[in-house]
Amino acid sequence: MALRDNLIVAPILLSAPDEAGRLSFADVFGNANPVELEIGSGKGTFLLGIATAQPQTNFIGIEWARAYAHFAADRLRRHARLNCRIVNGEAAWWIRCHVPDATLAAVHIYFPDPWPKARHHKRRLIQLPFLKEVHRILVPGGKLRLVTDHADYFAHMKQTLEAQQDLKIISFDSPVAPPNAAGQNLIVGTNFEKKYVAEGRSFNAIAAEKPLTNPPSD
C-alpha cells in the first residue's frame with residue numbers, strides 16, 4: 001500500500017522513544033478514561049467503529065506496517081476520533097517497553113498472522129510469555145479477545161490459554177455488534193473479516209479475563 005502525500009497523522013500517531021519507558025495514558029489522552037488496545041490495526045476499521053460507538057473510552061492501535069499505520073492515523077483524524085492513537089511498531093516490544101501494569105480494560109487481537117508453516121510457529125504472537133504480559137497490563141476484570149479464521153492457529157490459541165493459569169477462559173462476546181439471527185456474535189468489523197465473510201470462511205473466537213482477585217497461593 002503506497003502512502004499518499006497528503007496524509008496528516010498528527011495528533012493521532014503516537015511516537016515514544018525507548019527511553020520514555022512506561023507511558024501515562026492520562027497524559028497521552030488528557031483524561032482518565034478507560035484504555036483499550038488493538039494489536040494489528042491495519043487501516044483502522046475496527047478502531048473507527050468502536051471509538052465512534054464508545055467515545056468515553058480511549059483506544060490505542062498498534063500496526064507494524066508503516067503505510068497502514070499512517071493511513072489509519074489520518075483516517076481517524078479525519079473522523080475526529082481523538083480518543084484514538086496509532087502506534088507504528090512491533091506490538092510485543094512496545095507493550096513491554098511502554099504499557100504500565102494494570103492499565104488496559106481490554107486487548108483486541110483479530111485475525112493475526114497465523115504463521116502457518118511449522119518452522120514459523122515460534123513467531124506466532126499468542127505464546128505463554130506474551131500472555132504473561134497481557135495479564136500484567138490488564139486491569140482486574142480486563143479482557144483479552146481473539147478471533148481467527150485459521151483453524152490450526154485457533155487450536156494453538158486455545159491450547160496456550162489452557163496451559164496458563166493467570167487468565168480465565170470465558171465465552172467470546174463481540175465488543176461492537178449484537179448477536180445476529182443465528183445467535184452468533186463474532187463480528188468485530190475489521191477489513192479482514194469483511195473479506196473473509198465474502199469468501200465464505202468461518203471464524204473461531206475465544207476470550208479470557210484477568211480475575212478480579214488473585215487466586216490464593218498454596
Worksheet item: Of all residues in segment 81-130, how many are without any contact (Cβ under 8 Å) to a residue 40 or more places away in the chain, farther than 24 Å from K168 by Cβ and touching a Ser or Thr at 6+ places or on another chain (Cβ under 8 Å)?
Response: 1
Fill in: Count - residues of segment 33-59 that are within 13 Å of the chain's Cα centre (by Cα), of a type in the set (V, I, T) and farther than 17 Å from F111 by Cβ
1
Item to complete: Provide a single number: the residues in segment 131-171 that are out of contact with any Ser or Thr (no Cβ under 9 Å at 6 or more places or on another chain) and either among the hydrophobic types (A, V, I, L, M, F, W, C) or closer than 23 Å to K195 by Cβ (or both).
Response: 14
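Can you go through L76, L48, L82 and tell me which one is touching a His at 6+ places or on another chain (Cβ under 9 Å) and among the hydrophobic types (A, V, I, L, M, F, W, C)? Even if it seems obvious, please write down each step before you answer.
On the way: L76 fails: touching a His at 6+ places or on another chain (Cβ under 9 Å); L82 fails: touching a His at 6+ places or on another chain (Cβ under 9 Å).
The unique qualifying residue is L48.
Evaluate segment 17-32: report whether one residue or more is under 13 Å from the mean Cα position of the chain (by Cα), crowded, with 18+ Cβ neighbours inside 10 Å, outside any loop (DSSP other than H, G, I, E, B) and touching a residue at least 60 places away in the same chain (Cβ under 8 Å). Write out each step before concluding.
At the first step, the residues of segment 17-32 found to be under 13 Å from the mean Cα position of the chain (by Cα) are none.
No, segment 17-32 has no match at all.
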Practice prompt. May I ask you to list pairs of residues, at least six apart or on different chains, whose Cβ atoms are under 8 Å apart, with the first in segment 69-80 being in contact (Cβ under 8 Å) with a residue 12 or more places away in the chain and the second being among the polar types (S, T, N, Q) and assigned to a helix (DSSP H, G or I)?
Written response: H79/T52
Discussion item. Can you confirm whether G49 is out of contact with any Leu (no Cβ under 7 Å at 6 or more places or on another chain) and among the small types (G, A, S)?
Written reply: yes
Response to the item:
E90: passes all of (1) of a type outside the set (G, A, S); (2) within 25 Å of F154 (Cβ to Cβ); (3) surrounded by 14 or more Cβ atoms within 10 Å (Cβ to Cβ) but (3)
Discussion item. Any residue at all in segment 192-205 that's surrounded by 15 or more Cβ atoms within 10 Å (Cβ to Cβ), modelled with pLDDT under 85 and not hydrophobic (A, V, I, L, M, F, W, C)?
Written reply: yes
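Among the residues of segment 52-61, write down those that are without any contact (Cβ under 8 Å) to a residue 40 or more places away in the chain and crowded, with 22+ Cβ neighbours inside 10 Å.
Step one: filter segment 52-61 for residues without any contact (Cβ under 8 Å) to a residue 40 or more places away in the chain, giving 52, 54-56, 58-59, 61.
Once the filter is applied, which keeps residues that are without any contact (Cβ under 8 Å) to a residue 40 or more places away in the chain and crowded, with 22+ Cβ neighbours inside 10 Å, segment 52-61 yields N58, F59, G61.
Considering only residues that are surrounded by fewer than 16 Cβ atoms within 10 Å (Cβ to Cβ) and not charged (D, E, K, R), look in segment 99-126 and name the one that is farthest from I206 (Cα to Cα).
P100
The values are calculated or read from the model by the stated rules, or taken from the named source; none is laboratory data. Note that the structure is a prediction, hence the values are computed from the model and not measured. Cβ atoms come from the backbone with ideal geometry, glycine included; neighbour counts cover every protein chain shown.
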